[in-house]
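Notes follow the structure.
The values are calculated or read from the model by the stated rules, or taken from the named source; none is laboratory data. Keep in mind the model is a prediction, meaning the values are calculated, not measured. For neighbour counting, all protein chains shown are included, and Cβ atoms are generated from backbone atoms with ideal geometry for every residue, glycine included.
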Amino acid sequence: PFDMLIVGGGPAGASAAIYAARKGLDTGIVAERFGGQVMDTLAIENLISVVETDGPKLAAALEQHVRAYPVELIKHERVESITPGSPFELRLASGATLRAKSVVLATGARWRDMNVPGEAEYRTKGVTYCPHCDGPLFKGKRVAVIGGGNSGVEAAIDLAGVVGHVTLLEIAPALRADAVLVRKLKSMPNVEIITRARTTEVVGDGQKVVGLRWAHTETKEQNQIEVEGVFVQIGLLPNTRFIKGTVELNGLGEVVVNDRGQTSVPGLFAAGDMTTTPFKQIVVALGDGAKAALGAFEHLIRATAP
Ligand code: FAD
């Protein structure tokens, strides 16, 4: 069996693999799509020490760094289930089974999308899911935030300090975020809040976003606002379905980890966007992967002590 198998080839998985290999462990990565969400990203300006890069470039750099070590890289393969034990058994979609003394899960997450016309077409042309990443691109401009939960309201507060004007649209009759956040948002002069608003279309000019159509959920009245950016904040879905029932998840479906990346199953660690670690960012996932690999290494040392 492998000493350590990593499931996922995004920033968290790549980082875990390098840390494991540098400890001399027999290490493998199984990744459906190496690079993960990074592959969907255009400009990356907040990976500290790299002033600017883009997704495909960063994914290639991650792979090059992993390949500098004797890591077995198993690409285009999906893990369907994990059976804890010594060793762990990982069943792949291809039917193969892999065995490992320890496992680091790093399967990431995906943003929930609105599923309306124009959204996919104008993704990265005004439609975005990450205020920390893309807020500065809309400096001085008008933007909409979709979603009045904590992430939507936090995004709107954050953006109001950077962009010209923010319209927050919530489908329910009231915002669902914590009262303290709602109070803060309402105190900001360049923010408008619209409730009972169902987004129906992202409007573009062929090149970029120019507006947003929405319908009142009760009167059905149609409206249009002019915006250059649409920040969709209606939930992040962790890729954890395949381990539901095997390991403890929280209410959002995230794998519960402690400060060493240890899950509820001994020898099973997790890192990055799929976990309870807050703030889903590349730099956070990189650190988290290192932490989980070191946590798993510590576990292996103790498990094999005489
Ligand atoms: P991911 O990157 O999601 O990688 C998950 C990996 O697991 C992939 O290799 C996937 O194929 C694999 N996988 C999933 N399920 C299985 C399975 N069952 N079996 C095998 N493999 C599996 N962050 C920033 O810091 N700066 C930015 O500018 C930025 N821009 C972004 C733009 C977009 C459009 C998006 C979507 C995200 C952006 N983010 C940005 C967030 C950042 O990409 C994530 O926080 C980061 O990629 C998380 O890394 P991860 O390794 O945890 O997961």
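Residues considered: Ala31, Ala43, Ala61. Of these, the only one that is surrounded by fewer than 18 Cβ atoms within 10 Å (Cβ to Cβ) and near the ligand (Cβ under 9 Å from one of its atoms) is Ala43.
When Ala144, Ala177 are screened for being touching a strand residue (DSSP E or B) at 6+ places or on another chain (Cβ under 6 Å), closer than 25 Å to Ala215 by Cα and buried (at least 16 other Cβ atoms within 10 Å of the Cβ), only Ala144 passes.
Just one of the numbered conditions (1) more than 12 Å from the ligand (Cβ to nearest atom); (2) modelled with pLDDT under 95; (3) surrounded by 20 or more Cβ atoms within 10 Å (Cβ to Cβ) is not true of Val38: (1). Please go through region 239-296 and give me each residue that is among the basic types (Lys, Arg), away from the ligand (no atom under 12 Å from the Cβ) and more than 24 Å from Glu89 (Cβ to Cβ), ordered by number. Listed by number, the list holds a single entry, Lys291.
Among the residues of region 201-244, which ones are touching a residue at least 12 places away in the same chain (Cβ under 8 Å), farther than 27 Å from Val162 by Cβ and assigned to a strand (DSSP E or B)? Passing the criteria: Ala215, His216, Gln222, Pro238.
Can we say Gly126 is more than 9 Å from the ligand (Cβ to nearest atom), under 24 Å from Gly206 (Cα atoms) and in contact with a Gly (Cβ under 6 Å, 6 or more places away or on another chain)? Answer is yes for this residue. Only a single criterion out of (1) surrounded by fewer than 19 Cβ atoms within 10 Å (Cβ to Cβ); (2) assigned to a loop (DSSP other than H, G, I, E, B); (3) not β-branched (Val, Ile, Thr) is not satisfied by Glu192, namely (2).
For region 161-181, the count of residues that are more than 16 Å from the ligand (Cβ to nearest atom), charged (D, E, K, R) and at pLDDT 95 or above is at least one. Here region 129-153 is the region considered, the condition is being away from the ligand (no atom under 16 Å from the Cβ) and within 29 Å of Phe242 (Cβ to Cβ), and the residue that is modelled with the lowest pLDDT is Asn150. Restricting attention to region 64-93, the residues being touching a residue at least 60 places away in the same chain (Cβ under 8 Å), surrounded by 18 or more Cβ atoms within 10 Å (Cβ to Cβ) and assigned to a loop (DSSP other than H, G, I, E, B) number 1.
Hey, could you check region 99-123 for residues that are more than 11 Å from the ligand (Cβ to nearest atom) and outside any loop (DSSP other than H, G, I, E, B) and say which is farthest from Asp205 (Cα to Cα)? This residue is Lys101. Working only within region 46-56, note down all residues that are without any contact (Cβ under 8 Å) to a residue 60 or more places away in the chain and either in a strand (DSSP E or B) or surrounded by 14 or more Cβ atoms within 10 Å (Cβ to Cβ) (or both). Residues satisfying the conditions are Val50, Thr53, Asp54, Gly55, Pro56.
For region 4-25, the condition of being of a type outside the set (Asp, Glu), surrounded by fewer than 24 Cβ atoms within 10 Å (Cβ to Cβ) and under 16 Å from the mean Cα position of the chain (by Cα) holds for none of the residues. Cβ separations smaller than 6 Å between residues 6+ apart or across chains give the following pairs from region 258-271 residues that are under 19 Å from Gly13 (Cβ atoms) to residues that are acidic (Asp, Glu): Ala271/Asp288.
Conditions tested, residue by residue: (1) within 29 Å of Arg176 (Cα to Cα); (2) within 19 Å of the chain's Cα centre (by Cα).
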residue: Thr199; (1), (2): yes, no
residue: Lys208; (1), (2): no, no
residue: Gln222; (1), (2): yes, no
residue: Gly235; (1), (2): yes, yes
residue: Lys244; (1), (2): yes, yes
residue: Val255; (1), (2): yes, yes
residue: Gly267; (1), (2): no, no
residue: Asp288; (1), (2): no, yes
residue: Glu298; (1), (2): no, no
